[in-house]
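Step one of this worksheet: look at the structure below.
The values are calculated or read from the model by the stated rules, or taken from the named source; none is laboratory data. Quick caveat: nothing in here was measured; it's all calculated off a predicted structure. Please note: Cβ atoms are built from the backbone with ideal geometry, for glycine as well, and neighbour counts cover all protein chains shown. Areas reflect the complete protein model, heavy atoms only, side chains present, ligands, DNA and RNA absent. Shrake-Rupley method; radii C 1.70, N 1.55, O 1.52, S 1.80 Å.
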Amino acid sequence: MKFFNQSPAEQVAGVMRRVYDSGLTTATGGNISVLDDKGDIWITPKGFDKGSLTAEDIVCVHPDGTYEGRHEPSTEIFFHRATYRARPDFRAVVHAHPVYCIAFSLTRTLPRVDLLPDTLALCQNMNISTYAMMGSPELGENLYAAFSKGADVVFLENHGVCVGGENLLMAYQRFETIEYAAKHDLLTRKLGQVRAVTGEQLSFWNARPIPAMQALEGHRPDKREQAIRTEMLQKLRRGCEHALLFGASGVISARVNADSFLITPYGMDNNLLEDEDLVFVQNTAAEAGKQPARELALHAAIYAKHKEINAVFSAMPVNVMAFAASPKRFETSTIPESFYMLRAVPTRPMEEFIRYPERAAAQFSVKIPVVLFENCRIVTTGASLFTAFDRLEVAEATAASILVAREAGQVILLSEEEIQALKTTFHLE
Ligand SMILES: [Zn+2]
């Protein structure tokens, strides 16, 4: 992952393009900055197409207000400056007007972030700043007041959202997560009953150990392993593009041999991974110099217990997670394709996912390729990376269709006889 070797201008241009490509801003909306060690602020230019930004378009604003670059700085430079003044620990600020955050900005309320540990971890400290006209020094003063109370995320009344972080990657992940949380809150409301993460669950979540592995020195991927790495990268990219995986969440793995597999690393951004970042794990050893994801134990237990499984995805696509945060069952007997791909999906306690990987792995079988864990993840498995990916995509589409259908009228699921006929015809028993 080359992100931290990039210049501030390269980081700002790259993340702004990512915000635009993810549909989280319009072509001229939103602005991003990084504060460097000299006190210079590297910020996106005023009124420029965010879809075609390059590092050369980023403007460097000095502490005395003079600037260098081929464009004028964003008109919101006032509030970027104010945010850095309010939070000296911030080195990056991201601001935009994504749809679900706007919904809360217009209602002048805050979304629930206590339904998933991931949203709690990144967005727990929120505040609302009073309306002021865009580009005005007054808007800067209002944001200063909101951030100086310790908020990491500030909703701007009738405007949008602004987040900060200790670096631009952290700020971006927080931005992506608050828009996710805003959408997740509204989707979960459609199900009526909601189940929040408890304080004890959050403590266990945060205390999940980083796997301690022996160092496997001198590992060289052979042709076959290299092909698996390339395919994993393709699935990661597509998963991020389709909002099935996110920068800060989602772990995928693929079996290499009977006692080895590849898994995504700990603490890196899924969007920015390269194939050499994937970690080769063999028994109790991991490729030297690399750190496997914290979900390693569950993935390892699944491969050990189920010889037919060659790929595992654990992820939090937003529509599925609405069901994960509600006592309402995630039904898959909606259309034949959903049941065919997913079968009946059991819901298991969050504790099993966090603390008891062996027990969680034992839930899977040929008839149960997908398991939903309360308030945290859906885990899909398959004989190939493609099948595990397909199951994740079908699960999210199924959850989304139920949530939409509830608005269209009464949802009618396939009957027991219809499901039985499917099982018989397609040999699902
Ligand atoms: Zn704005």
Q) Among (1) assigned to a loop (DSSP other than H, G, I, E, B); (2) more than 20 Å from Leu139 (Cα to Cα), which single condition is Leu110 missing? A) (2)
(Q) Can you tell me which residue is modelled with the lowest pLDDT among those in segment 38-64 that are of a type in the set (A, V, I, L, M), farther than 13 Å from Arg81 by Cα and buried (at least 20 other Cβ atoms within 10 Å of the Cβ)? (A) Leu53
Q) Looking at (1) surrounded by 22 or more Cβ atoms within 10 Å (Cβ to Cβ); (2) out of contact with any Asp or Glu (no Cβ under 6 Å at 6 or more places or on another chain); (3) small (Gly, Ala, Ser), which is the one condition that is false for Ala344? A) (1)
Q) Right, Glu68: within 16 Å of the ligand (Cβ to nearest atom) and either without any contact (Cβ under 8 Å) to a residue 24 or more places away in the chain or touching a strand residue (DSSP E or B) at 6+ places or on another chain (Cβ under 6 Å) (or both) or not? A) no
Q. Looking only at residues in segment 57-91 that are among the hydroxyl-bearing types (Ser, Thr, Tyr) and assigned to a loop (DSSP other than H, G, I, E, B), which one is farthest from the chain's Cα centre (by Cα)?
A. Thr66
Q. If you go through segment 39-46 one residue at a time, do you hit one that is in a strand (DSSP E or B) and either among the charged types (D, E, K, R) or away from the ligand (no atom under 16 Å from the Cβ) (or both)?
A. yes
Q. If Ala13 satisfies every condition in (1) open to solvent by 20 Å² or more (accessible area, probe 1.4 Å); (2) in contact with a Ser or Thr (Cβ under 7 Å, 6 or more places away or on another chain); (3) touching a residue at least 40 places away in the same chain (Cβ under 8 Å) but one, which is the exception?
A. (1)
Q | Every residue from segment 307-344 that is touching a helix residue (DSSP H, G or I) at 6+ places or on another chain (Cβ under 7 Å) and in a loop (DSSP other than H, G, I, E, B) | A | Ile309, Met316, Pro317, Ala325, Ser326, Phe330, Glu331, Thr332, Ser333, Thr334
Q: Test each condition in (1) under 23 Å from Pro349 (Cβ atoms); (2) open to solvent by less than 40 Å² (accessible area, probe 1.4 Å) for Pro265 and report the one that comes out false.
A: (1)
